Amino acid sequence: MSFPAIALKQMEDGRGIKRLSFEAFQNIGAALDQMNDPTDEQAALIKLTMEERRLRAPLSWEQQKLLNLYIAKQKLEEVMYLLGE
C-alpha cells in the first residue's frame, strides 16, 4: 500500500488529524453568532483602518482591536467553510 493510501486510511480510522465533532463545529458557529456583525459605522472604520488610515492614540489602539476582531471573525467563517466541506 502506498503512503498516500495509508495516510488517508489513517484519517478514516480516526488516527492523526481528524474532523471535528459535530459539537465542536457547533461551538465555532455559536462563537460566530456571539460575535455578531459590525454596525455600519464599525464597518466604515474597519474599511478606513484597512486603508492604513489611523486615528490618534489612544483611539488608534481601540481601532486596531476592532480590526483584529473583524479579522478573527472572518477567519472563523473561513474555518467553518473549510470544515463544512
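A short reminder: the numbers here are calculations on the coordinates, not readings from a lab. For clarity, every value in this text was computed on a predicted model and none was experimentally measured. Using ideal geometry, Cβ is built from the backbone for each residue, glycine included, and neighbour counts are taken over all protein chains shown.
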GNM top mover of 64, 42, 34 - the chain, alpha-carbon springs below 10 Å: 34
Net lengthening on full extension, residue 77/residue 56 (0.36 nm per residue, minus Cα-Cα): 4.5 nm
Rounded to 10°, Cα long-axis angle of helix 40-50 versus longest principal axis of the chain: 80
Nearby lysines by direct alpha-carbon distance to residue 9 (threshold 19 angstrom, same-chain neighbours under 8 apart not counted): 18
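Treating the beta-carbon of each Lys and Arg as +1 and of each Asp and Glu as -1, no other charges, what is the dipole magnitude of the chain about its Cα centre, to the nearest 20 debye?
Details: 11 positive and 13 negative charges, 75 e Å.
So the magnitude is around 360 debye.
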Candidates 11, 35, 50: whichever shows maximal mean-square fluctuation once the chain is modelled as a Gaussian network with Cα springs under 10 Å: 11
Principal axis dimensions, the chain - Cα atoms, whole angstrom, descending: 61, 26, 19
Between 0 and 90°, nearest 10: helix 22-35 axis offset from the chain longest Cα axis: 10
Sequence-distant lysines (8 or more away, or on other chains) whose Cα lies within less than 17 Å of residue 65: 47, 73, 75
GNM flexibility winner over the chain from 18, 47, 73 (Cα, springs under 10 Å): 18
Nearest 10 degrees, 0 to 90: helix 3-12 Cα axis against the chain principal axis: 70
